[in-house]
Every structure is written in C-alpha cells, then in structure tokens.
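> Questions regarding the structure given below will be posed in turn.
Readers should treat all values here as calculations from the given coordinates under stated rules, not as data from a laboratory. None of the values given here were measured: they were computed from a predicted structure. Cβ placement follows ideal geometry from the backbone for every residue including glycine, while neighbour counts extend to all protein chains displayed.
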Amino acid sequence: MPYEPLLLRNAGKPGSETIDAYLASGGYQGLRRVLKESTPEKMVEEVKASGLRGRGGAGFATGVKWGFLPKTRDKPRYLCINADESEPGTFKDRLLIEKDPHLVLEGIILSAYAIECRTAFFYIRGEFHQGCRVFQRAVDEAYAKGFLGKNILGSGYDLDLVLYRGAGAYICGEETALLESLEGKRGLPRIKPPFPAIVGLYGCPTIINNVETLANVTLIAERGAAWYATIGRPPKNTGPKLYCLSGHVKRPGVYEAPLGVPLMELIEERAGGLLRPDRPLKAVVPGGSSMRILPASKCDVLMDFDSLVAAGSMLGSAAVIVMDAGTCMVWALLSLARFYAHESCGQCTPCREGTGWFVKILERLEAGQGRPEDVDLLTDVANKVEGNTICPFGEAIAWPVQSYVKTFREEYEEHVRRKGCPLAATATVS
C-alpha cells in the first residue's frame, strides 16, 4: 500500500499556510481533545508510549527528555523551539515552517501544555525571511482564534509565544548556544552539566525541541500513541520522517517516508535516481554534513537511528547528500572544512585551530602541493578535535574528516602522487 504523507499532507495545497485551511483539514482537533480530556502528565506518557525520538539530530526520546524537568515549581518553565536549521544539506524544517506552520504551532502548544510552561520561544534562523513572515502570521492567527494567549479554548491554560530571529550563526543551532543568543549574549555553547532541563533559559528549567519533532507531537495528539507506534520500525524507530535529498540526483527535495525506509529507495524511487546514469554511485552522506560518509558498498541500509549506527554513520538530520563517481573527495571535504572553519565560535582551542588546519591541509592537497604525511595529519588533527570541545561542533567536522580519509584514502594519496586531483577533468563537485 502506498505511503500517505502525514507531515507533508497539507504542504503544497493552496493556502496551506493559513489557519482557515488548517482548520478545514481538521487542524487543532488534537489540541481540543487534549485540553478537554487529558492532563499534562498523561500527554507526557502518551509521547513516551509513541516512541517519538527527536528529529533534530541526536534522536533522544522526546517524552523521556520532557521527564527530566524538576518536579519543583519554584521557577517558570520554558519551551524553546530550535528552528535554526543551518546544517548543510538540511531544509526540512524550513518547508514545514513555510508550508504548514499551524501543524508545527499545534505541536508547540501541545508540548508546552505537556511540560506545563506558559511561555515558548521560537528561535528561527535569521536567513529564513519568508519563513519568519509566514510563521509570525500564523502566530497572529492563532492568537486571534484563541489557540494562544489567555485561557486557551476555555481550558484555563495560558501560553504566549515569542518569535525570535537569529543572526545567521550555525553554532546557535546547538541548544545551549541558542539559549545564550536568546538571552542577548554571544552564541557560545555552555558546559554541561547542568543541562537545560535543570538550568536553561534565564536559569530556569527549559526544554528545547526541533521543529519536525513538534510537528510529530501533533500527529500523536490526533490519533494516539498506539497508532503512531505502528509506523516505521517499532519499537525504537517509530513515526514518519522527512528526508532531504540533494547532490547528484534528478529530483532533489524533501521526501516523507516511515523511519526505516531503505536508503536506495529514497535515491532511486523518490529522487529519481542519479543525475547522470553513466556515473555510478560513489558515496552518500546519510544524515547531514556532520555525519560519517558511506561508500556505495554500504548504501544498502535502512534509514533509521539504529540501522545507520550499525552501518558506521548516523541518521542526524536525515539530509541525504548523494555523490556520483565524478566527485573529488578531497574537494568535497574541503568544502565542508571551509564551512566549519567559518562557523566555529572559537571558544574551544581544538575546534578553533583544528578547523583551520583542515582547510590548510586540504587546500594544499587540492592545489597539488600535498605532502605524503598530510593524509595521516588530517586524521591526527581530527582525533585531537574529537571529544575535546564543549559542544558537538568538534565532532561535526572531525567525523567527516576521519571517515572521508579512511574510506577514500587511496584518492587522497593519489592527490599527493599526481600533484593534483586525478578527477580534475571529470569532477562534478565545484
């Protein structure tokens, strides 16, 4: 039976971003039911039972994360929505924000109710100009219809939502850097512990969830945890997932499928196959630029959290970057290294200095000035960056460096021997 979209069911329909269209399609019915029939505690248990795992990259169980909040009520609680989508190859949250903002907004209200918070902050990437306008309009509509503000739908529950625009720093996608930015400071990650659930925004208990995660909460409220848990590969990989396909494919874009869809099905059936049939598949980055690369020989894998870990990578943001045989792996890694060197906040020495070293070495290799020891030097620097930084940014560049060099070592050594790229005449990465 063909899969019927759930997260993208409204995207692309005329007026899908308006509250009238959302209500006409049955929107906010889950919220009405929960506010009338349920309690915050029951909502948390429902999300736990669904098996929902965070869609921002880490894949941590959402309901369990909510349960980390302290039981005391001596401080206000906050919900922060991470819409600072900046991972290269990732563009799923932007689509939800622009095409179906009320699906996300309903999930925000449900989640805020579940954790008993009265103020939520929507932190959106500064470059999302259209998304910011669309979402602010959706927030205004929700206030006007009584879904936000005082005494929502006569339930006695109050919630205010603040839309906050970032300034374009990739590092602010890290949850504690996001909190620092919200507080008006430089977006520098905090040392953990304490974790945000204990000491978060303004020193208060705070939950930070991804846009897609919250859209899934809406689905759970609509049809229940038992139904939700039948989608995907239960019990640990449940629900629908948005996959971003880019690179050397005929139809790049966002595709929805159950967690656990085969990677090659996404590439061949959803994205139409390779852009140039005369160039076979060389490698795939399965979960955004910071994940380890998979050679073609390992691409017969299921796209879920656990299967990809077993294959040597991670699902991450589910941004699938496809590379054909014409791709120079030195140039591909150099492109990533330049991005991470530019976006490093500079707080941690291994990351600040290591990202610069990666760029220098890779530029040397690409220019035909590489030295035999440079290939091992890349891995050596990556090993010193990994695990020695405050936030996961260090791993975000160390893992690609380690995996690109290990998987395609011969190509790196060939750059040294030939004093330049052996694929220069046919390379498709430029």
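> Report, to one decimal in Å, the Kirkwood hydrodynamic radius for the chain based on all distinct Cα pairs.
Values: mean 1/r = 0.0446 Å⁻¹.
After inverting the mean inverse Cα-Cα distance, the result is 22.4 Å.
> Moving on to the next point. Expressed as an acute angle from 0 to 90° and rounded to the nearest 10, what is the orientation of the C-alpha long axis of helix 101-115 relative to the principal long axis of the chain?
70
> How large is the charge dipole for the chain, taken about the Cα centre, if only the Cβ atoms of Lys, Arg (+1) and Asp, Glu (-1) carry charge, to the nearest 20 debye?
Working: 51 positive and 50 negative charges, 74 e Å.
Charge dipole of the chain: 360 debye, to the nearest 20.
> A further question follows. Of the options TRP357, LEU275, LEU7, report the single residue whose Cα projects farthest towards the positive end of the charge dipole of the chain (beta-carbon charges: Lys, Arg +1; Asp, Glu -1).
The one lying farthest along the dipole's positive direction is LEU7.
> With each run of n ≥ 4 DSSP H residues scored as -39500 (n - 2.57), what mean residue ellipticity at 222 nm is computed for the chain after dividing by its residue count and rounding to the nearest 500 deg cm²/dmol?
Working: 16 runs with 172 residues, N = 430.
Mean residue ellipticity, 222 nm, calculated: -12000 deg cm²/dmol.
> Oh, and also: Dividing the alpha-carbon radius of gyration of the stretch 293-397 by 2.2 N^0.38 Å (N being the number of residues), what value is obtained? Intermediate values should be presented prior to the final figure.
Details: Rg = 14.9 Å, N = 105, 2.2 N^0.38 = 12.9 Å.
Here the answer is 1.16, to two decimals.
> I would also like to ask the following. If you wrap a convex hull around the C-alpha atoms of the stretch 19-229 and split its volume per residue, what is the figure in Å³?
Details: hull volume 24.4 nm³, N = 211.
Dividing the Cα hull volume of the stretch 19-229 by its residue count gives 116 Å³.
> Place +1 on the Cβ of every Lys and Arg and -1 on the Cβ of every Asp and Glu in the chain, take the dipole about the Cα centre, and give the residue among ALA144, CYS244, GLY154 whose Cα lies farthest towards its positive end.
Towards the positive end, the residue furthest out is GLY154.
> What length, rounded to one decimal in nm, is gained on full extension from ARG186 through to LYS406, with 0.36 nm per residue of separation minus their alpha-carbon distance?
Details: separation 220, 0.36 × 220 = 79.20 nm, distance 3.58 nm.
Extra length available between ARG186 and LYS406 comes to 75.6 nm.
> On to the next question. Cα-Cα over 18 Å: which of LYS36/LYS150; LYS360/LYS384; LYS282/LYS406; LYS250/LYS282; LYS13/LYS36; LYS92/LYS241? Please list the in-between numbers first.
On the way: LYS36/LYS150 16 Å; LYS360/LYS384 16 Å; LYS282/LYS406 14 Å; LYS250/LYS282 16 Å; LYS13/LYS36 30 Å; LYS92/LYS241 10 Å.
Where the Cα-Cα span goes over 18 Å, the pairs concerned are LYS13/LYS36.
> If you place +1 on the Cβ of every Lys and Arg and -1 on the Cβ of every Asp and Glu, how big does the dipole about the Cα centre of the stretch 19-229 come out, in debye to the nearest 20?
On the way: 27 positive and 25 negative charges, 69 e Å.
For this selection, approximately 340 debye.
> Right, another one. Counting Lys +1, Arg +1, Asp -1, Glu -1, what net charge surrounds LEU242 among other residues with beta carbon under 10 Å of its beta carbon?
It works out to a net charge of 0.
> Which aspartates and glutamates have a Cα less than 13 Å from the Cα of LYS236, not counting those fewer than 8 places away in the same chain?
Hits, sequence-local ones excluded: ASP304, ASP306.
> At 0.36 nm per residue, and after removing the present C-alpha to C-alpha distance, how many nm does the segment from SER335 to ARG352 gain when stretched out fully? Write down the numbers at each step before the final one.
Details: separation 17, 0.36 × 17 = 6.12 nm, distance 1.69 nm.
Between SER335 and ARG352, full extension yields 4.4 nm more.
> A follow-up question, please. Just want to confirm a number: the relative contact order over the chain, from Cα pairs under 8 angstrom separated by 6+ residues, in percent. Intermediate values should be presented prior to the final figure.
Working: 867 pairs, mean separation 66.4, N = 430.
Across the chain, relative contact order equals 15 percent.
> Per-residue HN-Hα couplings for the stretch 322-337, Karplus 6.51 cos²θ - 1.76 cosθ + 1.60 at θ = phi - 60°, whole Hz, x for Gly and Pro?
9, 10, 8, 5, x, 7, 7, 6, 6, 5, 4, 5, 4, 4, 5, 4
> Over 29 Å between Cα atoms, which of LYS48/LYS298; LYS48/LYS71; LYS99/LYS185 qualify? Could you put the intermediate results ahead of the total?
Numbers: LYS48/LYS298 32 Å; LYS48/LYS71 18 Å; LYS99/LYS185 31 Å.
Where the Cα-Cα span goes over 29 Å, the pairs concerned are LYS48/LYS298; LYS99/LYS185.
> Shifting gears a bit: Within 10 Å, count the other beta carbons around each residue, average over each peptide in 368-374, 200-206, 46-52, 95-101, and list them highest first. Don't skip to the end; give the middle numbers.
Numbers: 368-374: 14.6, 200-206: 19.7, 46-52: 22.1, 95-101: 23.7.
Averaged packing, sorted descending, gives the order 95-101, 46-52, 200-206, 368-374.
> Using a cut-off of 12 Å between beta-carbons, work out the net charge of the residues near VAL330 (Lys and Arg +1, Asp and Glu -1, VAL330 not included).
Numbers: positive: ARG364, ARG409, ARG418; negative: GLU363, GLU366, ASP374, GLU410, GLU411, GLU413, GLU414.
Here the count lands on -4.
> Additional query: Quote the relative contact order of the stretch 19-229 in percent (integer), defining contacts as alpha-carbon pairs under 8 Å separated by 6+ residues.
On the way: 374 pairs, mean separation 66.8, N = 211.
The value is 32 percent.
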